[in-house]
Every structure is written in structure tokens, then in C-alpha cells.
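Notes for the one structure printed next.
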Amino acid sequence: MFVALAALGTLAASGATAAGTSTVLSSWTVYHGTPSGSGLASAVASVNTASRAWTSPVLAGQIYGEPLVSGGHVYVATEADRVYELARSTGKVLWSRRIATPVPASALPCGDIAPTVGITGTPVIDPSRREIFVVADEWIRTHPEHVLVGLNTATGAIRMARAVDPPGQSGALLLQRTGLNLDAGQVLFGFGGNNGDCGNYRGRVVAVSESGSKPRYFTVDAAAGEREGAIWMGGAAPEVDAKGHIWVGVGNGSVTSSHHAFDHSDAVLELSSSLHLLQYFAPGSWAQDNASDLDLSVAPALLSDGKVVAAGKSRSAYLLNGAHLGGINHQQATLAGLCGSIITGGAAVVGTTVYLPCLSGPVALRVTPSPPALHVRWRAGAGGGPPIVAGNRVWTIGQDGVLYGLDPNTGAVRQHAAIGPVANHFPTPGAGAGLLLAPASNRVVAFSTVPTRATTLRGAALGPAFGVPGSGAPWAAFAGAAAAVFALAGVGRSAGRHRRAHR
């Protein structure tokens, strides 16, 4: 096994020496670890679940997002509109910043987050700026308002704050559920509705410069009389490929007749960094899916050969040609009846295998190119939260409050550890700085990891269609990390083998 630089750009420039062998401590600065959302922690050789490394103190507010790692420290945000930095070695709170007053759940017309709604989406960190960005739902005098906030990662000091609700849209009807991402100096995220889809909201992809300039929006269901089309993806972030293009899955819209013009709902969208629509895919059943709340609620899985796998509440998966999505009903293959529950959240991708987040337990799909096809490798009956891959295990958190490590080849449970009750249906672990981090309801539980001994650059690792570093902040971080890895390990040297479903 080799380390592909923490799968494109998330290895930190920090290292440790043991018995004369250089190792690399990785970062995890965005949802599922990379701008493209691969969910692969390739710097991890194994995870010790026999005992906890530490458990954080009880934090104010529930945790809906994924823990992040940067500069050897752990970061997490909560529904109390608080952001925390935790010590890597102990979980001790190093700083805590209360951004504003969170929104009382009773002030919203619908929803299932209680008692307050604050920071729901996973933050994103720009290591080059030493800044963590969050979107906070704030109670401002008599109404909710969503605000993008940038904080200094070392101190928690607020550097930037920008109101981001779309003009003319009531903030009470919007939920900022997706994780955040970075692209070309911008912070990206999505808006959807509260659980229940009450009121006249429209789904949006939002881009705001890291300095806090005026937001730009791409709007779903934008025609007169249309609504919904949430960008929520079970908490996954909009994904950014090597070209700086943005990929999202879209929820069900209000159009339920195929005779009506397509409304960009129940779809996979590829957008430019300036939020212009480049291409899209929707199933031939998009209108019926809208009527039955069967949207494409999984973040698109971007494979190294340019293929894309989409899935959602219909329990079907679609294999797409990422270079030519083709519009409506132009999938290369379809596989139905994948699992016993809806599929939603962020997937994990390793080579030609995609691990999909089915709520009844992850499903592993193998993609074959000729002829293009999808094959079920296994279906798991444990876990259900969006999976990541670390230490030759597929890690997923169940509603039973247990972290499961599944065999990547069979789906059998090989490791497990209780972490306690979870706050939502889509908890997902993070990995970095020698830890696997699992979010419980209001604590972070950490388990020690063993790093891989070799860090090797290979053309296949650095040249996939969706993963080659390009322009933008995530890739600038990649370049710095790569230089640090070379300094630590030496170039060319190998040290071994080694309806919305409770948003």
C-alpha cells in the first residue's frame, strides 16, 4: 500500500520520527478529506479500536458535521453556533468561540433539529490562511439569518462575517446542511429546506470569496412557480475536481410532469467555479422521482478514470460518463434495489470501488469499463453513516452509537467500538494527525491510528481525471504539502509495502 499524498492535497506539512523512520501526519480539512470527497485516508495503516485515545469534554450543542484536522489540532462545530479547537493528544478544549445566538427550533416552520439550529454543515479549513470557515444559522433580533464566518485556527478570532441568504429568500425556510469546500479562493456550500420542505424555498449552490465579497448563487427550480430542489446531499460537501469544476447532487423539485421543462432537480450538476451550469444528468424517471421524494441525495462519486456514480433515495445507482453527462436518461448503466433503505450522504472511493452510504449499512459497488457496468461487491448490515476508508477498513457510524470497521472486500465487521448516541442520521468520521475521529451527539471520540511507513508518488496517484491538482486554494495546499512530504521522505524512496429523511 502506498500513500497517495492523502489522496490529493490534504497531507499536512508535519511529521514525526520513530526508530529512524520518517512518517507523515495527515490533515483532514474538508468533508471526506479531499476537495473531490474521496473519503480515503491513505496515510493510515491501521486503527486501534481496543481502547479510546481520548474523549472530548461535553461540548455545547449537538454535532452534525465531521471533525476536521489541521496543523496537528482537531476542529469541530456545533448546533450551539460554537466552534472548538481540541488538542490532538488529549481532546482538551484549546479554544471555543461562540459566534452568535443559534436559532430556536420553535422559531422555524418545520424541521427536525432541536433544541437549536446553529452550525449544521461541516466546516472547511484553508491551511494557507490558517482560517476555518463555517455557516452559522443565527437568531438576529426577530428572525434567522445565515452568516458565513471565517475564524483564525490558532485563536478562534473572527476574521470575516458575511450574510449569505439569497435576496428575497426567508432564512427561516433554508437549512445549510452541506459541508463547505474551497475552490479558486471561494468558499462553496449548498442550501436546501428544513425537514418537511415547508415554505417556498429554492435549492442553491453558493460561492463567496474567502475575503467575504458578495455571494454568487446557482438556483435550482428557478422558474416562476417552482420551488424546492434542495442541495443537501446528506451533509456531503459540493465537490471540486481537478479543473476547479463543482459537482453536486440535487434533491426533488416541485415539477412532477415530464411534459414540463426540466427544472435541474433530481440531478447531478457540473458547474464552473463561477457557478455556470456546464452539464447535467437526470434519470428518465426524474418527474416521478420528484413526486415521490426520491431524489439523488448522494454526493456524486468521482472516479479516477472520469466515471461518475450517482445514487439516491430510489435505492438505484447510475454510472455516468463524467465528460458527457448527456442530460436526461443518458446513464451508461443502472443498478436498482441496492439496499433496504435510502442512500444519502458522501461516498468513499478507492480505485474502481465506490462505497455508498445506505442508511441500513454501506453498499460496495465495483465499476467495470467495458462494457460500462455496476456490480454489487457486498451489502453490509451494520453502520449506515457515510463511510470513509482508513487502515484497510471501511468506517461507518450506526444509529446504535457504534463505530464499525468493515472489511473492504466482504463488508464483514472486523472492528467496532461504542461511541455513544449520535445527533443525526448522517454522522461520518474523519482522520488525521494519527487519529480516527468519530462524532457522537456532543462529544468527539478519538482512536489512535498507525501511519503507513512509505510515502511514494506514482503517476497513477497524481493523474486521475478528477484528482490532478489544478488551480484554487485546495491545490495550493496540496503543493505545500507535497514539498513537505518530499523533505520528510525523500523523492523516489520507498520504506516498505505495506422525504429528506431527517436532515
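Values as computed for the structure displayed
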read-out: Cα-projected label distance for Arg141 with Val58, points at 7 Å along beta-carbon direction, nm; value: 3.6
read-out: Three-way shape call for region 400-442 based on the alpha-carbon gyration tensor, with the a/c threshold at 1.5; value: oblate
read-out: Whole-angstrom gap from region 137-153 to region 54-96, using each part's C-alpha centre; value: 19
read-out: Expected 222 nm ellipticity per residue - DSSP helices of 4 or more, -39500 (n - 2.57), all of the chain, to 500; value: -1500 deg cm²/dmol
read-out: Residues of region 147-176 with amide N under 11 Å of a point placed 7 Å along Cα→Cβ from Asn200; value: 169-170
read-out: Once the Cα gyration tensor of the chain is diagonalised, semi-axes √(5λ) in Å; value: 31, 26, 21
read-out: Solvent-accessible area per residue for the chain (1.4 angstrom probe, square angstrom); value: 33
read-out: Reachable lysines, given that their alpha-carbon falls under 30 Å from the alpha-carbon of Lys243 and they are not under 8 places away in the same chain; value: Lys214, Lys307, Lys313
read-out: Region 357-364 - phi-based ³J(HN,Hα) in whole Hz, Karplus 6.51/-1.76/1.60, Gly and Pro as x; value: x, 7, 5, 8, x, x, 10, 9
read-out: Of all accessible heavy-atom area on region 125-226, the percent that carbon and sulfur account for (1.4 Å); value: 49
read-out: Relative packing of peptides 46-55, 205-214 - highest average C-beta neighbours within 10 Å first; value: 205-214, 46-55
read-out: Packing rank of 264-277, 117-130, where each peptide gets the mean count of other beta carbons within 10 Å, highest leading; value: 117-130, 264-277
read-out: Ranked packing of 327-338, 217-228, most packed first, by mean Cβ within 10 Å; value: 217-228, 327-338
read-out: Solvent-accessible surface ranking, highest first, for His260, His146 at 1.4 angstrom; value: His260, His146
read-out: Radius ratio Rg over Rh of region 162-210, counting only Cα atoms, Kirkwood formula for Rh; value: 0.99
read-out: Cut-off 13 Å, label 7 Å out along Cα→Cβ of Ala163, residues of region 212-232 by amide N; value: 215
read-out: Kirkwood-based shape ratio for region 314-376, expressed as Rg/Rh from alpha carbons; value: 0.95
read-out: Under the Debye formula (equal points on every Cα, no solvent term), log10 I(q)/I(0) of region 259-406 at q = 0.19 Å⁻¹; value: -1.12
read-out: Spatial separation of Cα centroids for region 309-370 and region 179-237, in angstrom; value: 23
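The values are calculated or read from the model by the stated rules, or taken from the named source; none is laboratory data. In this text, all values refer to a predicted model and were calculated from it rather than measured experimentally. Cβ: placed from backbone, ideal geometry, glycine included. Neighbour counts: every protein chain shown. With ligands, DNA and RNA removed, areas are computed over all heavy atoms of the protein, side chains included. Shrake-Rupley method; radii C 1.70, N 1.55, O 1.52, S 1.80 Å.
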